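This report refers to the structure that appears directly beneath it.
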Amino acid sequence: MKRFDEDKLNDLIDAFEARGYDQSPVALAIDSYVGLLNAGFSEPEAMELSSLICENFYRDKEVGQ
C-alpha cells in the first residue's frame, strides 16, 4: 500500500502550474499545507514541505524576473 495519494499530489502540482506566479504568499502556503495533508503527509511533514515549496517558489520567481 502506498503511503501518499499520487493523484492528489499530481492535482496539487497541476494547480500550482496553472496559476504560475499569480498567487498570494498566504494562498500558496495554505494550499500547499492542506494539499499535502490531503495527500497523506503528517502535519510536521506537510509543514516542512510547505516551507520548502514557498521558499523555492519565491526564489524561482525572483530569478525569473
About its Cα centre, what dipole magnitude does the chain give when the only charges are +1 on Lys and Arg Cβ and -1 on Asp and Glu Cβ, stated in debye to the nearest 20?
60
Summarise the accessible area of segment 1-55 (1.4 Å probe, protein heavy atoms) by the percent that is carbon and sulfur.
60
Report ³J(HN,Hα) in whole Hz for each residue of segment 32-48, in order, from the Karplus equation J = 6.51 cos²θ - 1.76 cosθ + 1.60 where θ = phi - 60°; Gly and Pro get x.
4, 4, 5, x, 5, 4, 5, 7, x, 7, 6, 4, x, 5, 5, 5, 5
For Leu49 and Asn10, FRET efficiency with R0 = 22 Å and r from the beta-carbon atoms, rounded to 0.05?
0.90
Mind sorting out which of [x] 3, 18, 28, 26, 15, 7, 3, 1, 0; [y] 3, 13, 12, 15, 18, 16, 14, 7, 1; [z] 4, 20, 18, 14, 12, 10, 8, 5, 4, 3, 2, 1 is the real P(r) over Cα pairs in 5 Å bins from 0, in percent computed from the coordinates?
[x]
Relative contact order (percent, whole number), the chain, Cα cutoff 8 Å, 6+ residue spacing
37
Could you tell me which trypsin sites (Lys or Arg not before Pro) in the chain are loop residues by DSSP with no more than 16 other beta carbons within 10 angstrom of their beta carbon?
Lys2, Arg3
Using a 1.4 angstrom probe, figure out how much accessible area segment 7-60 has per residue, in square angstrom, rounded to the nearest whole.
63
So what is the calculated 222 nm ellipticity per residue for the chain, using -39500 (n - 2.57) for each DSSP H run with n of 4 or more, over all residues, to the nearest 500 deg cm²/dmol?
-25500 deg cm²/dmol
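The values are calculated or read from the model by the stated rules, or taken from the named source; none is laboratory data. Computed from a prediction, not measured in an experiment: that's the story for all the values here. Backbone-built Cβ (ideal geometry, glycine too); neighbour counts: all protein chains shown. Areas reflect the complete protein model, heavy atoms only, side chains present, ligands, DNA and RNA absent. Shrake-Rupley method; radii C 1.70, N 1.55, O 1.52, S 1.80 Å.
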